[in-house]
1. In segment 90-124, what residues are hydrophobic (A, V, I, L, M, F, W, C) and in contact (Cβ under 8 Å) with a residue 60 or more places away in the chain?
2. Determine whether segment 67-76 contains at least one residue that is touching an Asp or Glu at 6+ places or on another chain (Cβ under 7 Å), farther than 17 Å from Glu111 by Cβ and not acidic (Asp, Glu).
3. Inspect all residues belonging to segment 57-65 and state whether any of them is over 26 Å from Ala29 (Cα atoms), in contact with a Lys or Arg (Cβ under 8 Å, 6 or more places away or on another chain) and either among the aromatic types (Phe, Trp, Tyr) or loosely packed, with under 13 Cβ neighbours inside 10 Å (or both).
4. Which of the residues that make up segment 83-139 are of a type in the set (Phe, Trp, Tyr), closer than 15 Å to Ile9 by Cβ and open to solvent by 50 Å² or more (accessible area, probe 1.4 Å)?
5. Can you list residue pairs whose Cβ atoms sit under 7 Å apart, with the first residue in segment 25-43 being of a type in the set (Val, Ile, Thr) and the second being in a loop (DSSP other than H, G, I, E, B) and modelled with pLDDT of 95 or more? Count only pairs 6 or more apart in sequence or on different chains.
6. State all residues of segment 109-139 that are β-branched (Val, Ile, Thr) and within 19 Å of Gly30 (Cβ to Cβ); if no residue qualifies, say none.
7. Out of all the residues in segment 10-32, is one or more of a type outside the set (Asp, Glu) and modelled with pLDDT under 95?
8. Between Lys96, Lys104, Lys54, which is farther than 27 Å from Ser2 by Cβ, of a type in the set (Lys, Arg) and in contact with a Pro (Cβ under 7 Å, 6 or more places away or on another chain)?
Amino acid sequence: MSERTLAIIKPDAVKKNVVGDIINRYEQAGLKPVAIKLIQMSQSVAEGFYAVHKARPFFGSLCSFMSSGPAVVLVLQGDNAIKKNRELMGATDPAKADAGTIRKAHGANIEFNAVHGSDSPETAQFEIGYFFPGMEIFS
């Protein structure tokens, strides 16, 4: 079933100049970018995006990190895009991620872990809408 998911190449990965490698991994896995842009999140935009984690102890540092530099936000489309992207990303902690995953290759630690991906169809719908009005997405 073809679906869409949001992916973010986080500031740490942009700073390391590995954006091309990460996008290549998406494409090689059959995930087609249908929307893409380079953004610099403000603290308030990061807080709104991660509001679901507001009560968690890492919320403040996560929002500071995500607003610390440019990030690439993408909408990926393909069969089982959410599951496929989660497998490509690997475990949240790069030390626990499988070999060959994006986080194993480009993540430094649980906070600086290179990429974000939606975890469910409901989350994907919210996250895509947060960064992309409908007219910015192409099939």
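1. Passing the criteria: Ile102, Ala105, Ala108, Phe112, Ala114, Val115, Ala124.
2. Restricting attention to segment 67-76, the residues satisfying the condition of being touching an Asp or Glu at 6+ places or on another chain (Cβ under 7 Å) are none.
Looking through segment 67-76, none of the residues is touching an Asp or Glu at 6+ places or on another chain (Cβ under 7 Å), farther than 17 Å from Glu111 by Cβ and not acidic (Asp, Glu).
3. Yes.
4. Phe112, the sole residue that qualifies.
5. Ile39/Pro70
6. Val115, Ile128, Ile137 - these are the residues of segment 109-139 that are β-branched (Val, Ile, Thr) and within 19 Å of Gly30 (Cβ to Cβ).
7. Within segment 10-32, none of the residues are of a type outside the set (Asp, Glu) and modelled with pLDDT under 95.
8. Unique residue meeting the criteria: Lys104.
The values are calculated or read from the model by the stated rules, or taken from the named source; none is laboratory data. No experiment lies behind these values; they were computed from the predicted model shown. FYI the Cβ positions are ideal-geometry reconstructions off the backbone, even for glycines, and counts take in every protein chain you see. Accessible surface areas use protein heavy atoms only, side chains included; no ligands, DNA or RNA. Shrake-Rupley method; radii C 1.70, N 1.55, O 1.52, S 1.80 Å.
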